Structures are given as C-alpha cells and as structure tokens.
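One structure is given here, and the rest of the page talks about it.
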C-alpha cells in the first residue's frame with residue numbers, strides 16, 4: 001500500500017494519500033497504521049502528509065472565522081460550518097497526535113527538511129488560519 005501511494009504523481013490533486021486521509025475512516029486508520037510501520041516508513045508517511053497538507057479538506061475548505069451572531073447565517077451555512085468543525089476535530093484527535101509523536105522522534109536535520117517542504121509547497125498564511133494549526137498542535141504548527 002505504501003509503495004503505491006508514494007509512487008504516484010506528486011502533483012496530482014488531491015494526492016491518493018490525501019484522498020484516504022480526507023475520509024474519517026482514513027484519519028482513524030492513520031495512528032493504527034503508524035504502530036505497525038517501521039520508523040523509516042512512518043517518516044515517509046509523515047513527509048508525504050506534510051508535503052500534501054494543503055490538499056486536506058480541513059485545510060483547503062476550512063470554515064471561516066466564527067461570526068458574532070450565528071443567527072445571521074442561513075441554516076445551510078450553519079450546518080456546513082458544523083460539519084466542517086466535526087471534520088477538523090476528527091483530524092485533530094486522530095491524525096495530529098501521531099504526527100506529533102513522529103516529530104518528537106525526528107532529528108534536527110529531518111525537521112529542517114520538513115520546514116523546507118513547507119516553505120516550498122504551502123501558503124503558510126492560509127494553513128495558519130485554520131483550526132488545525134491551533135495551539136494544541138504546537139509541534140505541528142511549528143513545522144507548518
């Protein structure tokens with residue numbers, strides 16, 4: 001499975017790995033998968049996740065900042081905002097702890113490489129505006 005994900009075209013949008021991670025089941029699979037992978041393959045998944053991070057639905061379609069009065073929103077907008085918040089919470093509770101654990105075990109050279117990937121591939125201001133880069137995910141926010 002890992003070889004089929006890493007051999008695909010890195011420019012495809014969304015990347016097949018991100019298509020898997022956008023689904024709730026894929027997000028719940030990620031920490032379970034990390035437990036069974038050798039360290040090198042887990043780092044490959046981390047690098048792939050960081051490189052394709054802006055393609056995640058919770059980043060690409062992040063809910064706008066909350067409004068002061070929710071009654072000003074249409075019912076469909078409130079429901080859409082609530083659905084996006086649930087998707088973001090799933091990512092924060094399922095994927096980010098595994099990423100945090102991997103970053104804890106990385107050496108400084110690898111962290112510098114991840115920062116380089118972020119600088120090349122991301123619009124940092126866009127990612128920083130999402131809840132995924134909240135203070136509860138400080139190491140991930142440091143990388144992003």
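Every number in this text was worked out from the coordinates using simple rules, so none of it is lab data. Worth saying up front: this structure is predicted, and the values here are computed from it rather than measured. When we count neighbours, we look across all protein chains shown, and the Cβ atoms used for this are built from the backbone with ideal geometry, even at glycine.
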* Asked: Hey, fewest Cβ within 10 Å first, where do 50, 117 land in order?
  -> 117, 50
* Asked: Given the Cα-Cα distance of residue 72 and residue 23 and 0.36 nm per residue of separation, how much length would full extension add, in nm?
  -> 14.6 nm
* Structure fact -> Rounded to one decimal in nm, the spacing of the 7 Å Cα→Cβ label points at residue 93 and residue 40 is 3.6 nm
* Asked: Quick one: if the Förster radius is 25 Å, what FRET efficiency do residue 60 and residue 104 give, using the C-beta to C-beta distance and rounding to 0.05?
  -> 0.40
